[in-house]
Amino acid sequence: MGKKDEILELIRNSHDQHVSGEDMAKNFGITRTAIWKIVNKLRRMGYNIRAEKRIGYRLTGVPDLLYPAEVQKNLETKILGRTVLYYPEINSTQMEAKKQVCHKNLPEGSLVVTEKQTDGVGRLGRRWESPRGGLWFSFVLRPKMMPEEVIKITLLVALAVARVIQKSFGIEVMIKWPNDVVVNGSGSIRKIGGILTEMGAELGFVNWVVVGVGINVNNNLPAQVKKTAVSIKKLLGKNVSRIKLLKGILKEIDAGYELLKRDGFQELLQELKRRSIVLGKRVEIRAPDEMITGQAIDLDRDGALIVRTDSKTRKIIAGEILKVNQL
Ligand code: BTN
């Protein structure tokens, strides 16, 4: 921890009490002016710190920004977020995480987080609008599984995001297989967030997985996605704490990952089925090399979508659902 973070923690932990600049200067072996400069730096970062003459400093407000010190404070995870790379703005957390996982061998659980992406990427190479106010992050996993099983990671992350949003805000959140986190209301399915899973693998062996999560939280939505996407702010009519949401989601993903490693996929699968917005519906799917239309009837034990077409039952392991219709 650097001096800045130590001073922040000291002021934070003394709650309503003032912390004297002189005492801090003595403790840290620096001058009162140096303390004052650090306090000003914290202020520029968005922390409200009141200074009372001869009494000291007191923390009166914390910004809703995703600084490592905020993310890691009381973070209830085993591996996720033990390393946090924070960027006020970046092209894409996904690109950065991939770059660093290849060149710097980032440890499992490393998190790359930003306030704003200038070149966010969605599935299938699409652009992902990521203005300030949303949650945009990527993290690294190194699961001991076969490449074809990695869909389980996408599904468990989608489930974690859905669960936490529902629990925190009382909104019913569903999953549109395999990676869309959606709400169903006002006659349409609208996307709150999406998961992008990429991996570095060899035949039969996964080296790394980078999972990117994008959630529309307090951000405004660009006009071109207003019909198909929605933000939490729009649904609730107010802003919510992104840092709290991020920490809740990290905790849930971490626990889901532990469960997957310990007990396998079956427990997660049951809830995925309950939260699926496609099971029982007629779907149109763009699979890698064909279009498939039929009734989505089940998720198999590995998370593949089972679709009954007019001629046979198909197992879909990758694809994009273009339409979901009631039967
Ligand atoms: C989708 O197409 O539904 C997946 C969207 C994933 C977006 C997230 S935002 C954080 C991370 N960085 C990116 O550039 N993309 C992912």
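When both residues are 6+ apart or on different chains and their Cβ atoms are under 6 Å apart, which pairs have a first residue that lies in segment 29-48 and is more than 15 Å from Gly2 (Cβ to Cβ), and a second that is of a type in the set (Ser, Thr, Tyr) and not in a helix (DSSP H, G or I)?
Here the result reads Asn48/Thr60, each pair linking segment 29-48 to a residue that is of a type in the set (Ser, Thr, Tyr) and not in a helix (DSSP H, G or I).
Hey, can you tell me all the residues within segment 284-327 that are hydrophobic (A, V, I, L, M, F, W, C), loosely packed, with under 14 Cβ neighbours inside 10 Å and touching a helix residue (DSSP H, G or I) at 6+ places or on another chain (Cβ under 9 Å)?
Within segment 284-327, Ala318 is the sole residue that qualifies.
Give the residue, chosen from Lys323, Lys315, Lys273, Lys247, that is modelled with pLDDT under 95 and among the basic types (Lys, Arg).
Numbers: Lys315 fails: modelled with pLDDT under 95; Lys273 fails: modelled with pLDDT under 95; Lys247 fails: modelled with pLDDT under 95.
Step by step, each of Lys323, Lys315, Lys273, Lys247 is checked, and only Lys323 is modelled with pLDDT under 95 and among the basic types (Lys, Arg).
What number of residues within segment 270-283 are touching a strand residue (DSSP E or B) at 6+ places or on another chain (Cβ under 6 Å) and either without any contact (Cβ under 8 Å) to a residue 40 or more places away in the chain or exposed (fewer than 12 other Cβ atoms within 10 Å of the Cβ) (or both)?
Total satisfying the criteria: 2.
Quick check on segment 217-239. Is at least one of its residues away from the ligand (no atom under 16 Å from the Cβ), over 17 Å from Glu115 (Cα atoms) and polar (S, T, N, Q)?
No, every residue in segment 217-239 fails to be away from the ligand (no atom under 16 Å from the Cβ), over 17 Å from Glu115 (Cα atoms) and polar (S, T, N, Q).
Taking interchain pairs and intrachain pairs at least six residues apart, which have beta carbon atoms under 7 angstrom, with the first residue in segment 130-144 and under 11 Å from Gly81 (Cα atoms) and free of Cβ contacts under 8 Å to residues at least 12 places away in the same chain and the second within 11 Å of the ligand (Cβ to nearest atom) and assigned to a loop (DSSP other than H, G, I, E, B)?
none
Sort out for me the strands (runs of 3 or more DSSP E) sitting completely within segment 237-327 that have 2 or more residues that are among the hydrophobic types (A, V, I, L, M, F, W, C). Quick ask: steps written out before the conclusion?
Numbers: elements: 282-287, 290-299, 305-308, 313-316, 320-325.
Fully inside segment 237-327 and qualifying: 282-287, 290-299, 305-308, 320-325.
Being more than 8 Å from the ligand (Cβ to nearest atom) and free of Cβ contacts under 8 Å to residues at least 60 places away in the same chain is the filter; apply it to segment 92-105 and report the residue that is surrounded by the most Cβ atoms within 10 Å (Cβ to Cβ).
Glu96
Those residues that are crowded, with 21+ Cβ neighbours inside 10 Å and not β-branched (Val, Ile, Thr), I need them from segment 224-241; list them, please.
Matches in segment 224-241: Ser231 only.
Taking Val112, is it under 30 Å from Lys315 (Cβ atoms), touching a helix residue (DSSP H, G or I) at 6+ places or on another chain (Cβ under 6 Å), surrounded by 13 or more Cβ atoms within 10 Å (Cβ to Cβ) and of a type outside the set (Ser, Thr, Tyr)?
no
Go through segment 107-206 and tell me which strands (runs of 3 or more DSSP E), entirely inside it, have 3 or more residues that are within 14 Å of the ligand (Cβ to nearest atom).
Fully inside segment 107-206 and qualifying: 111-114, 135-141, 180-185, 188-202.
For segment 212-228, indicate whether the set of residues that are modelled with pLDDT under 95, out of contact with any strand residue (DSSP E or B) (no Cβ under 9 Å at 6 or more places or on another chain), of a type in the set (S, T, N, Q) and assigned to a strand (DSSP E or B) is non-empty.
Looking for residues that are modelled with pLDDT under 95, out of contact with any strand residue (DSSP E or B) (no Cβ under 9 Å at 6 or more places or on another chain), of a type in the set (S, T, N, Q) and assigned to a strand (DSSP E or B), one finds none in segment 212-228, hence no.
The values are calculated or read from the model by the stated rules, or taken from the named source; none is laboratory data. Only a predicted model underlies this, so the values are computations on that prediction, with no experimental measurement involved. Please note: Cβ atoms are built from the backbone with ideal geometry, for glycine as well, and neighbour counts cover all protein chains shown.
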